[in-house]
Structure formats: C-alpha cells, structure tokens
There are 2 protein chains.
Amino acid sequence: MSQFKRTLLGRLTSLLLSGLLVGQAITVTAGQQDDRYEPGRITYAHFNKDGQLLIPRNYREWIFIGAPVTPKDMNDGNPAFPEFHNVYIDPVSWAHWKQTGKFRDGTIIVKELVSVGAEEAASGNGYFQGEYLGIAATVKDSKRFADRPNNWAYFGYDSYESKSTAPQPDESCNTCHKENAAEDNVFVQYYPVLRAGKPEKK
Amino acid sequence: MSQFKRTLLGRLTSLLLSGLLVGQAITVTAGQQDDRYEPGRITYAHFNKDGQLLIPRNYREWIFIGAPVTPKDMNDGNPAFPEFHNVYIDPVSWAHWKQTGKFRDGTIIVKELVSVGAEEAASGNGYFQGEYLGIAATVKDSKRFADRPNNWAYFGYDSYESKSTAPQPDESCNTCHKENAAEDNVFVQYYPVLRAGKPEKK
C-alpha cells in the first residue's frame, strides 16, 4: 500500500472514530431515517406512538460529559439523585455542539446513576463508583415539546427493564434545570467536556 | 429508499458509531498501519523513536469507564491525584474487552484530572467537576514493556502542551496498580462500565 494511501486511511479512520465523518456521511445516505428531525440528522431519541421515549441503548458508548457525585453521607442519607451521575450526550449532537456551541433539535442527554462503592482506595479518600442504579434522560425537540421551557422534556425510568416512559411534568425537572443550569437547561457549568468542546465565538 | 435498505443503513450506522465495524474494517484495509501490534489492530498509543509516548489526542471521545474523586478536603489538601479522575479506554481495546474480557496488547487508558468546581448545587451537596488539570496514561505492550509487571507502563505529562514523555519507573505507579487493582493492573472495581461490559464466562 502506498504511503499516501496509508496516511489517508489513518486520517479517515480517525475521522470515522471521532464520529465526524459518520455525521456527514449520514447526510447523504440516511436522510430519511426519522422525519421528525431535520433531514440528514441521525436520531438517538426514539419515541413510540404514545409519545413515550424508548429506553436509551448503548449510551455508555456515547460522549461522556461529566460525573457529579452527591453522596448519601453528604445529603442526610437521601440525595435527590444517588449518587454519581454519569452524564452522556449522543455523538451526533456532540458533533453539532463542537461546530455550533448549541444543542441541536433531537439532542438526547442520558444521566446514569451509580452508587458510591468505596470511600477509601490506594489513591486516597474520596468517592469511587459502585453499582448501577438507573437512568434518566432529557430530549430537546422544538416540535414535540414546543410548549416546554426551552423545548426540553425529562424522562425517568423505573428500572433497566422499562421499555419506554412518558415525560415528567415540568415542575418535576424542567423548572429547576431552566432556573439553575448555565446554558439552555444543561448544567454546562459542571460538564468540562462541553465547556472545552464549545467553539470560540467568531 | 426501500425499507430494507433504510433498516440496514440504520444498523450499519449504529455499528460504525459503536466502533465495532470500524475495528473490523481496519482488519482488511489498514493492517499495516503500525507493525508493533498484531496485524489488523488499530493503534491509539503512539511512541516516538526514543520510546516516549506521544500525548494522547481525542481521548474525550473514547469510551469513558469511570470517575473517582479524591477531593482536597478529604485528603489534607493534598491528594495523590487531584481531584476527579475521568478515565477512558481506547475504542478498539473496549471492543476487545467486550469480546474477551481481557486488555489487548496495545490497550491505552487515559486518566484526566479535573478540579472540584463546586460542592453544592441544585441537586444537593457533593462534588462537581471544575477545570482540567492534566492527563496521565498507561499502555499495555508485551513486546515494548516485556519486563514491566503485567506489561503495563505508566506515563504522566507535565502539561497539555507536552509532546511526549518517557515511562515512569515501576515504583512510581506500577507497583501500586499491580498490588491494588482488581484485574490486570486496572482498577476494574471502580469502573462500572468495564464490569458491566465484560462478557460472562462461557
């Protein structure tokens, strides 16, 4: 194989793995996949005919954006979300964020809750992730959630076996997100990956 | 476009984004890319001619495996690794782990350190990620690190501007990892993504 071809393959591979080329290829080949969103946008948020969000799959292979921890022992034994929150954004919305600094229509963000498994390790005292407890998700959709603040709706699943769930009322999640999140309902102030990935204003 | 083609495109797209098909395609097309590892394996750990590991790139788009936090205020102001440790494995080694439950030759794991930015938020008291502080990495290579415990070597970068760095002596990192990590020098006990992704024994 020529040096040029090998270099090109290396670059293509990097692009593919970074999800960028995939995002662009989709524009050409799979534009009809979900007409709820703009043509050419791959969809990670799937709804059933009753408007319930299907439980997300493979989100541990999406883009991780941050992991706050609200431990039981710092919240009188009963934090709102126990305890680590591993938070992910879908890869195409991540690519869009890197280009525009905005959350596209169809963005899905998953929050997976993980217990504290240890408070002491070879690296020191602290909090170390234990067992998975469950997931929640939020989707931005200006058509489907036209009346919701900033067009986000929030979903909590009873268990990993849940197939789908209806959106929560605004007062359960949205009100707090809108009031306290740094940017468009998302707690960007606690997600260094998003902050670092945001393009500089031109 | 026919329903069949659309379904197939959807499946292909998912596979591509999960990195699996990419890994397989590489077997055919880019097998010569780095002859230090087995043919057909894409390489994320790149070394210069002096055996220094080039500083990893794009690792925030790899697979996140866990985020312990060892806060200053729980470690007399001076934890070994301040403070959050966002840990990632390269996508091809992740695919290998899911298939075999082993770390392949060439595995690279990156630990990015992030300060605690807040200890109180709308979701409760705890630790919330602040600013990036630096990165460290480890690579398993049975040829290059034949004499190292379990064939892992450890690398710490002075800054994000570092181009490359030499491996640490075993007593700086490897000894503690070998002694305390649950599996093959990796603290799998604190990484739920790895535990859940490991195939069941047949």
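Cβ-Cβ distances below 6 Å connect the following pairs, each with a first residue in the stretch A:71-89 that is in contact (Cβ under 8 Å) with a residue 60 or more places away in the chain, a second residue that is in a strand (DSSP E or B), and a separation of six or more residues or different chains: A:Val87/A:Ile65; A:Val87/A:Gly66; A:Val87/A:Lys111; A:Ile89/A:Ile63; A:Ile89/A:Ile65; A:Ile89/A:Ile109.
Can you tell which of A:Lys5, A:Lys49 is in the same structural domain as A:Gly134 (by TED's automatic domain parsing), surrounded by fewer than 18 Cβ atoms within 10 Å (Cβ to Cβ) and modelled with pLDDT under 95?
Details: A:Lys5 fails: in the same structural domain as A:Gly134 (by TED's automatic domain parsing).
Among A:Lys5, A:Lys49, only A:Lys49 is in the same structural domain as A:Gly134 (by TED's automatic domain parsing), surrounded by fewer than 18 Cβ atoms within 10 Å (Cβ to Cβ) and modelled with pLDDT under 95.
Taking the numbered list (1) surrounded by 15 or more Cβ atoms within 10 Å (Cβ to Cβ); (2) within 14 Å of chain A (Cβ to nearest Cβ) in turn, B:Ser172 passes all entries but (1). For beta carbons closer than 8 Å, sequence separation of 6+ or different chains, a first residue in the stretch B:166-180 that is among the polar types (S, T, N, Q) and a second that is surrounded by 12 or more Cβ atoms within 10 Å (Cβ to Cβ) and modelled with pLDDT under 95, the qualifying pairs are B:Gln168/B:Asn174. When the stretch B:183-202 is limited to residues that are of a type in the set (D, E, K, R) and farther than 21 Å from B:Pro56 by Cβ, the one that is nearest to the other protein chains (Cβ to nearest Cβ) turns out to be B:Arg195.
Restricted to the stretch A:58-73, and to residues there that are assigned to a helix (DSSP H, G or I) and crowded, with 22+ Cβ neighbours inside 10 Å, the residue that is farthest from the other protein chains (Cβ to nearest Cβ) is A:Tyr59.
A:Asn180 satisfies every condition listed in (1) facing chain B (nearest Cβ under 10 Å); (2) within 30 Å of B:Gly134 (Cβ to Cβ); (3) surrounded by 16 or more Cβ atoms within 10 Å (Cβ to Cβ) except (3). Checked against (1) surrounded by fewer than 23 Cβ atoms within 10 Å (Cβ to Cβ); (2) at positive phi, A:Gly106 passes all but condition (1).
Looking at this structure, is A:Gly124 within 30 Å of B:Cys173 (Cβ to Cβ), more than 19 Å from the chain's Cα centre (by Cα) and surrounded by fewer than 24 Cβ atoms within 10 Å (Cβ to Cβ)? Explain how you work it out, then say what you get.
Working: within 30 Å of B:Cys173 (Cβ to Cβ): yes; more than 19 Å from the chain's Cα centre (by Cα): yes; surrounded by fewer than 24 Cβ atoms within 10 Å (Cβ to Cβ): yes.
Spelling it out, A:Gly124 is indeed within 30 Å of B:Cys173 (Cβ to Cβ), more than 19 Å from the chain's Cα centre (by Cα) and surrounded by fewer than 24 Cβ atoms within 10 Å (Cβ to Cβ).
Criterion applied to B:Phe145, B:Phe128, B:Phe155 was being over 27 Å from A:Asn86 (Cβ atoms) and either within 14 Å of another protein chain (Cβ to nearest Cβ) or at pLDDT 95 or above (or both), and the one residue passing it is B:Phe145.
Inspect all residues belonging to the stretch A:136-150 and state whether any of them is free of Cβ contacts under 8 Å to residues at least 24 places away in the same chain and out of contact with any strand residue (DSSP E or B) (no Cβ under 6 Å at 6 or more places or on another chain). Show your work before the answer.
Let us first name the residues in the stretch A:136-150 that are free of Cβ contacts under 8 Å to residues at least 24 places away in the same chain, namely A:145-147.
Next, from what is left, pick out any that are out of contact with any strand residue (DSSP E or B) (no Cβ under 6 Å at 6 or more places or on another chain): A:146-147.
Among the residues of the stretch A:136-150, at least one is free of Cβ contacts under 8 Å to residues at least 24 places away in the same chain and out of contact with any strand residue (DSSP E or B) (no Cβ under 6 Å at 6 or more places or on another chain), which makes the answer yes.
The values are calculated or read from the model by the stated rules, or taken from the named source; none is laboratory data. The model shown is predicted, which means the values in this text are computed figures rather than measured ones. Neighbour counts run over all protein chains shown; Cβ positions are idealised from the backbone, glycine included.
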